[in-house]
Amino acid sequence: MPAPKRGELVRAFGEAVRRHKEPLGRLITLETGKIVQEGLGEVQEVVDICEFAVGLSRQLYGLTIASERPDHKLLETWHPLGVVGIISAFNFPMAVFAWNAALALVCGNTLVWKPSEKTPLSALALNGLLLQTARAQGLDAVGLSELLIGERAVGEALVAHPHVKLVSATGSTAMGRAVGASCATLFKRSLLELGGNNAAIVCPSANLELVVRGVAFSAAGTAGQRCTSLRRLIVHRSIYDSLVASLLRVFECLPVGDPLEAGTLVGPLIDERAFEAMQRALEQARAAGAKVHFGERETVGEASAFYVRPALVELNEQSGPMLQETFAPILYVVPYDTFDEAIALNNAVAHGLSSAVFTQDLREAEVFTSARGSDCGIANVNIGTSGAEIGGAFGGEKETGGGRESGSDAWKAYMRRATNTINYGTSLPLAQGIKFEV
């Protein structure tokens, strides 16, 4: 099927998702605990990436390259890989699939999707809409997008299958290590989107009103369960006390409660295991001499879900649990004295996903986004670490895995490249002027 025709399928799928935006968003909320507005926002991301992919379906360009030989043409062509395996996490049960699926489909691939065992209903709904759309387009939907519901063993079988040519996996660093090692053994591609211990630097010139809003959303949004959630705040010593006081007032008043109710900004953690991990991290911080604010469990109605008030933890230096990613709403705060010191703190962790600097100083902004600044795949200025537009490639470095999804030229991961040399002359000149006479 020509790529623009594949784009037509993705366009129709995006329209179907748009028509069902309200119930799909509510389903995400029911299954993950995200507030309704975030659930609806995730569904909108599905629509947006479909629109991006439709345009991409007419832009799968290869290069024409100047040949050093006379009467020769040198060019690149791009071809489908085959079957793309997708492993997604609970926190974005629809968007992560769509980032991969929309691009993979317009690139000519078929899909096998293993969603998180914590969010099977969102996967069933979205994949069902895709297959329904394909049948409405007159396509044989069998084998177009297969859904695998199960736990770790199912994912391992998916990764090991010889017909799966690319595994795009989103989840923990531990999971990514296992997937990457298995793919390497089989010489197949892996696209890894793993954890993030993300930091923001707040400079003396920063607009503190902007900082408080950006930090509060990045740290507490989705109950701190985004891979791009803000976990480390590096604040210049001259403004440290005033900023921490402002953040404490905000954290104390954040509406924690039923994610289906209007006005709630922080819903529950995904499960008891996440709550226990958060409490262990806070205990480690206390043992290291940190000042821990909030973080306790909150009772919401008669619900047994694990609601918590986002925690703010003050440390004198970056150490202990601050160096590890805890998938929960914990914001560690440390002071700094020089901008070079702040950048070093930003980079001194194992992950390299998202980062930010709040400053009105042009030099600081330029240094932060330069090669000697942040070592993360995302480096923002005067905006928080969480929330990414689909037009840019999404992903990070180091233990974040190095993969890129969504916009820019991320589509190339879903295709194989061939370099073609065409001789339209009557002789056979060799490269580098070699003479090989028989």
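The values are calculated or read from the model by the stated rules, or taken from the named source; none is laboratory data. All values reported here derive from a predicted model rather than from experimental measurement. Methodologically, a virtual Cβ is constructed for each residue, glycine included, from the backbone with ideal geometry; neighbour enumeration extends over all protein chains shown. These area figures cover heavy atoms from the full protein model, side chains too; ligands, DNA and RNA do not enter into them. Shrake-Rupley method; radii C 1.70, N 1.55, O 1.52, S 1.80 Å.
Quick notes on this one:
- Solvent-accessible area, 1.4 Å probe, carbon plus sulfur percent, for the chain: 54
- Mean separation of Cα pairs under 8 Å and 6 or more residues apart, divided by the residue count, gives segment 200-246 a relative contact order of 52 percent.
- Among beta bridges that DSSP assigns inside segment 184-340, antiparallel share in %, nearest 5: 25
- Percent of beta bridges antiparallel (DSSP, the chain, rounded to nearest 5): 35
- Legend: residues HIS163, HIS20, HIS236, sorted from most to least accessible area (1.4 Å probe; ligands, DNA and RNA excluded), read HIS163, HIS20, HIS236.
- With protein chains left intact and a 1.4 Å probe, residues in the chain average 44 Å² of accessible area per residue.
- Converting phi to 3J(HN,Hα) with the Karplus coefficients 6.51, -1.76 and 1.60 and the offset θ = phi - 60°, segment 419-426 yields 9, 10, 10, 10, 9, 9, x, 10 Hz in sequence order, with x at every glycine or proline.
- Heavy-atom accessible surface of GLU146, to the nearest 10 Å², is about 80 Å², with a 1.4 Å probe and all protein chains retained.
- Angle in degrees between helix 240-253 and the longest Cα principal axis of the chain, rounded to the nearest 10: 90
- Centroid-to-centroid separation of segment 323-373 and segment 173-201 [C-alpha atoms, Å]: 22
- Cα centroid separation, segment 291-306 to segment 1-41: 31 Å.
- In range of the label at ASN316: residues from segment 335-350 whose backbone nitrogen is under 16 Å from the point 7 Å along Cα→Cβ: 335-337
- Solvent-accessible surface ranking, highest first, for ARG6, ARG249 at 1.4 angstrom: ARG249, ARG6
- Over 21 Å apart at the Cα level, from the set LYS114/LYS165; LYS188/LYS412; LYS5/LYS114; LYS165/LYS412, are LYS5/LYS114.
- Assuming charge only on the beta carbon of Lys and Arg (+1) and of Asp and Glu (-1), the dipole of segment 176-275 about its Cα centre is about 580 debye to the nearest 20.
- Model label sites at ARG417 and GLN360, defined 7 Å from Cα along the beta-carbon direction, differ in position by 4.5 nm.
- Amide H partners (placed H, <5 Å) of SER145, local residues excluded: LEU111
- The residue list THR385, GLY433, SER406 was ranked by how far each Cα lies along the charge dipole of segment 376-438 toward its positive end, using unit charges on Cβ atoms, and GLY433 comes out on top.
- Anchor LYS118: aspartates and glutamates whose Cα lies under 16 Å away (excluding residues fewer than 8 positions away in-chain): GLU31, GLU151, ASP271, GLU272
- DSSP-defined beta bridges in segment 287-438 - what % are antiparallel, rounded to 5: 55
- Cα-centre dipole for the chain with unit charges at Cβ (Lys and Arg positive, Asp and Glu negative), debye to 20: 1180
- Counting only protein chain heavy atoms and rolling a 1.4 Å probe, the accessible areas of ARG26, ARG189 rank, largest first, as ARG26, ARG189.
- The protection proxy used here, the mean number of other Cβ atoms lying within 10 Å of each residue, ranks peptides 265-271, 288-294 as follows, highest first: 265-271, 288-294.
- Qualifying aspartates and glutamates (Cα of each under 18 Å from Cα of LYS291; at least 8 residues distant if same chain): ASP241, GLU252, GLU283, GLU314, GLU317
- Each residue of segment 262-268 is assigned a 3J(HN,Hα), and the resulting list reads 4, x, 6, 10, 10, x, x Hz, derived from the Karplus form 6.51 cos²θ - 1.76 cosθ + 1.60 (θ = phi - 60°), x at Gly and Pro.
- Gain upon complete extension [ARG297, ARG152; 0.36 nm per residue less C-alpha separation]: 49.3 nm
- Taking θ as phi - 60° and the Karplus parameters 6.51, -1.76 and 1.60, the scalar couplings of segment 30-46 work out to 4, 8, 10, x, 5, 5, 4, 4, 6, x, 5, x, 5, 4, 4, 4, 4 Hz in sequence order, x denoting glycine and proline.
- Rounded to the nearest 0.05, the FRET efficiency derived from the C-beta distance between ILE434 and HIS79 at R0 = 22 Å is 0.15.
- Amide proton proximity set for SER229, modelled H, under 5 Å, gap of 5+: none
- For a straight C-alpha distance cut-off of 18 angstrom, the lysines reachable from LYS21 (same-chain residues fewer than eight places away being disregarded) are LYS34.
- Area accessible to solvent at ASP140, 1.4 Å probe radius, in Å²: 120
- Unit charges at the beta carbon, dipole of segment 1-43: most positive-side option, GLY33, ALA3, GLY14: ALA3
- Across the chain, C-alpha contacts under 8 Å between residues 6 or more apart give a mean separation that, scaled by the residue count, equals a relative contact order of 19 percent.
- Helices in the chain, meaning DSSP H runs of at least 4 residues, each add -39500 (n - 2.57). Divided by all residues, the mean residue ellipticity at 222 nm is -11500 deg cm²/dmol.
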